[in-house]
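Here's the structure, in structure tokens; my notes come after.
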Amino acid sequence: MFRGLSTGGTPGTRRRLEFRHWFDRAKNRGIASGDETGYFRAVLELKETFFTIQKDDEDVHLIDSATLTVPSRHFMAIVGPSGCGKSTLLKLIAGINVESEGHIFWEGRDLSEEGDLEPSEIGYVPQFSIAYENLTVEENVESSVRLRCKTHGRDEFYDLVDRVLESTGLDPIRSRPVRVLSGGQKRRLSLALELVTDPVLLLCDEVTSGLDPKSEQEIVKLMYELSRKQNRIVINVTHSLANLELYDSVLVLHEGKIVYHGQPRALDHYFGVDEAEDVYPRLAKRKSDDWQKSWNKHRSNYYDAMLSAAKATPEPKPIAPATDDDGNPIEDPDFDPAEFSTSAETPGMFSQFFALFFRRWKIFIRDGGQLILQMAILIGFPILVILFDLDGVDALDRLSETIPTTVEQYENEKDAVTNNVKLAGLVSGLIMFQVILLTLMGSNNGAREIAGERPIFEKEKLGGVRPLVYLASKVAFLAVFVLVQSVWMAGFVWVICKIPVSFVAMFTFLFLVNAAMTSICLGISSQARTADQASLLSIYLVGFQLPLSGAVLALPTLIGWLTRPFISAYWSWAGVVDSLNSDYLRYVKDGTETPFVASWICAAVLVAHILFGLFIAYVGVKKPRWHG
Ligand SMILES: Nc1ncnc2c1ncn2[C@@H]1O[C@H](COP(=O)(O)OP(=O)(O)OP(=O)(O)O)[C@@H](O)[C@H]1O
Ligand SMILES: [Mg+2]
């Protein structure tokens, strides 16, 4: 299905519009101008680049003095045995790993000194396919466009989506959910998600691994075509030595060192083997240092051959069309912006925010398990509170009106007092129970939110999604949950249990504790290595709320004062209790040794907890975390 033109406009008008937008974009990036035409030649160079880590107080060079040149319109393979540093080298080029020494140049520009490539100029396809499983192929691509490309109007948006789906062969399966796709289709989707910005540098990590030979060949062909359509460099990391003839160059890495980089047909000759498959066993026969030395000796010969072969391929077409005297482009019927488009502009903060916010809702609604769990918690928890309190519900509004003031009266009214103390204890317990359930809801809201989709987020961050906007979209999404859960719990229990406190006070403190726990667990989620780790830590945090609040069992004074500031449940409980009507407050105070605090202080502490959680979450989302 091809969406085509949705509203009015002839193909001619659309073409002119595309042409105009393309030209404006190219002008903004300084690669096309009204009075000059030129060639867009992307060239990547690494000069004696190291990536070094510390292991047992010693420097280990994961990438050891890498020097290489890649011309534009080039399709290059990085091959080598498992663990030799292929992904590390690719991440170095992508800017995910920062070089420890040496330089990386793009068109002669030193990236570490003069700033990285724009997010839209790089496409990075990580080793493991990542997309939202419950969204369709088309929805994933649309989401990528919304987050990473500024488009002008619906037509341009859908045209871009269509173009990307068609160029990756995904058009026939565009409405399938990702979870049912085959391995090869998922790899195509990973490529499609990166192609939306027309990146000048496309970096692919093992996009063919685990595929059958036919699918592998198809994907390699697709990458080859992608390197030809635009003046684009496509680098593919692979440990497979099949289909090498499609590449312009092959780089062999061995223990972090470059031991060959040249035309694929010269590979067998260089290593003195009959076929490419024999290269790895051959590598193992010499030390990597020796291989590196010998490569440094021969490099210039092989490079000359490779670079002159690159020159021999047809010149890239000019990116800028002819212009008239006023500097306006003259429309060329053969000019196809799709073929020469420049990398897209990253959308503004609000566009990204709404794209993330609405996508989150869509994913939530599609996830049946999540939906049922949230509904069960929402409806079940207040009922649980009431069940535990069935005996006392009716009694709560019947606190004895005779309040003894003398010993004599006290004796007379002993039963009434005992009853009142019991009721006050019930009220206090009920409040705490509600509070604890709200903390449980909070932990369920926040714990997996970021950790569960971290690899996708990291990739989107690399593609230009702003961490603050991402966090804001999470806060907006979770705020709806916190609000609904707190209103429902407060209202339900307030009406049925008739707790002697104003609804506003009850709601405020339940809302604040839920928000505090959601926010702290969101912070944990942003710092955790995996979603399971985040869940576990969040559950522990909830588990500690009850004993450490001191509301049920009194804590030793010192421990109480040390731990209490961090226990949200305590401040919420104390806030509601302080707002109880005064008779109850007196009996609750008589019945517990836990210190009481003015409700406004409780509210302030809970707000501080919320802000603390958000701060931790912000630090967490900013920090790169590709591997947990
Ligand atoms: N940031 C890092 N800190 C410590 N060690 C790392 C880091 N990144 C990679 N390594 C280690 O460096 C080595 C090379 O890893 P890399 O992922 O680059 O290998 P690879 O060639 O891509 O392997 P494979 O073919 O299995 O994907 C591995 O031993 C890996 O554990
Ligand atoms: Mg790898």
(message) Just to be sure before I move on: is A608 without any contact (Cβ under 8 Å) to a residue 60 or more places away in the chain, closer than 25 Å to F477 by Cβ and not acidic (D, E) in the structure I sent?
(response) yes
(request) Scan region 86-96 for residues that are under 14 Å from Q127 (Cβ atoms) and near ligand 1 (Cβ under 10 Å from one of its atoms) and report the count. (result) 7
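The rows are residues; the columns are (1) part of a strand (DSSP E or B); (2) in contact with a helix residue (DSSP H, G or I) (Cβ under 8 Å, 6 or more places away or on another chain); (3) modelled with pLDDT under 90.
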| site | (1), (2), (3) |
| --- | --- |
| V577 | no, yes, yes |
| V588 | no, yes, yes |
| F596 | no, yes, yes |
| A604 | no, no, no |
| F612 | no, yes, no |
(request) Please enumerate the residues belonging to region 90-143 that are surrounded by 19 or more Cβ atoms within 10 Å (Cβ to Cβ), aliphatic (A, V, I, L, M) and over 18 Å from I233 (Cβ atoms). (result) I130, A131, L135, V137, V141
(request) Look through L226, L203, L195 and report the one residue that is more than 14 Å from ligand 2 (Cβ to nearest atom), surrounded by 20 or more Cβ atoms within 10 Å (Cβ to Cβ), under 23 Å from the mean Cα position of the chain (by Cα) and within 27 Å of R146 (Cβ to Cβ). (result) L195
(message) With the requirement that a residue be within 21 Å of V465 (Cβ to Cβ) and among the β-branched types (V, I, T), what does region 99-147 give you?
(response) I122, V125, I130, T136, V137, V141, V145
(request) Tell me which residues, restricted to region 230-265, are among the small types (G, A, S), away from ligand 1 (no atom under 16 Å from the Cβ) and part of a loop (DSSP other than H, G, I, E, B). (result) none
(request) Would you check if F507 is surrounded by 18 or more Cβ atoms within 10 Å (Cβ to Cβ), over 30 Å from L423 (Cβ atoms), out of contact with any strand residue (DSSP E or B) (no Cβ under 6 Å at 6 or more places or on another chain) and of a type in the set (F, W, Y)? (result) no
(request) Could you tell me which of the residues L202, L193 is closer than 30 Å to I53 by Cβ and part of a helix (DSSP H, G or I)? (result) L193
(message) Could you tell me how many of the residues in region 77-103 are part of a strand (DSSP E or B) and within 16 Å of ligand 2 (Cβ to nearest atom)?
(response) 3
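The values are calculated or read from the model by the stated rules, or taken from the named source; none is laboratory data. No experiment lies behind these values; they were computed from the predicted model shown. When we count neighbours, we look across all protein chains shown, and the Cβ atoms used for this are built from the backbone with ideal geometry, even at glycine.
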